[in-house]
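Reviewing the structure listed below.
The values are calculated or read from the model by the stated rules, or taken from the named source; none is laboratory data. Keep in mind it's a predicted model, so treat the numbers as computed, not measured. When we count neighbours, we look across all protein chains shown, and the Cβ atoms used for this are built from the backbone with ideal geometry, even at glycine.
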């Protein structure tokens, strides 16, 4: 395969790395002709470091390799989109993606109108916190990390995870009860924060349980959407005059 056409304009071209399973953009790096050739030969990503002025194999030191699934060039043949199976986190910070700071530059309000011909409002983007959490949990399940509580839970197995889910559920109930009986606004404010934190702890352990049982988050989201539609239909039924 003639690779020279990709480097006709520049000796370095950007390569966008995307997760096959989730379609999440993991990182952006640069390739020269030699690194692209080594990527094609090995089946794993190789890049060119502009700061060190040398080739580097992603995962060679961290163990977080990227197995190449496909490589696609853009319309101008000067940018590559590489679909990979990521082992562990892609970012050197330990985050799954290098683009983990969602909206840190700007995040447009969901009321900004869509310019589509139908004139409908742009679809609201859901908070991805739970999705990000689930991805981190999956990474911990796949790759053991020393000192990780999540890895500890997977190591201990299902019974330990179930026990923690039960404990955290009880903590939510106790925190909610404390909130309902708060004597004043100051204590109520503190108790409300406790409820929030306990719910987060429960959601975390339920996420670990989902990963242990190989239940995709998308399946849960789909069930919730279906139930939401049923609730909406029931509400519409009760609001309709059926006397005629």
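With the condition kept exactly as written, say whether any residue in segment 138-159 is modelled with pLDDT under 90, farther than 30 Å from residue 42 by Cβ and exposed (fewer than 11 other Cβ atoms within 10 Å of the Cβ).
Yes, segment 138-159 has at least one match.
Among 221, 178, which is the only one that is at pLDDT below 90 and either under 30 Å from residue 142 (Cβ atoms) or surrounded by 13 or more Cβ atoms within 10 Å (Cβ to Cβ) (or both)?
On inspection, the qualifying residue turns out to be 221.
Tell me which residues, restricted to segment 34-54, are surrounded by 15 or more Cβ atoms within 10 Å (Cβ to Cβ) and in a helix (DSSP H, G or I).
If the condition is that a residue be surrounded by 15 or more Cβ atoms within 10 Å (Cβ to Cβ) and in a helix (DSSP H, G or I), then 35, 36, 38, 39 are the ones that fit.
Is it the case, given these coordinates, that residue 5 is over 19 Å from residue 143 (Cβ atoms), in a helix (DSSP H, G or I) and modelled with pLDDT of 95 or more?
Criteria not met by residue 5.
Scan segment 8-24 residue by residue and report those that are within 16 Å of residue 67 (Cβ to Cβ) and surrounded by 14 or more Cβ atoms within 10 Å (Cβ to Cβ).
Those that are within 16 Å of residue 67 (Cβ to Cβ) and surrounded by 14 or more Cβ atoms within 10 Å (Cβ to Cβ): 15, 17, 18, 19, 20, 22, 24.
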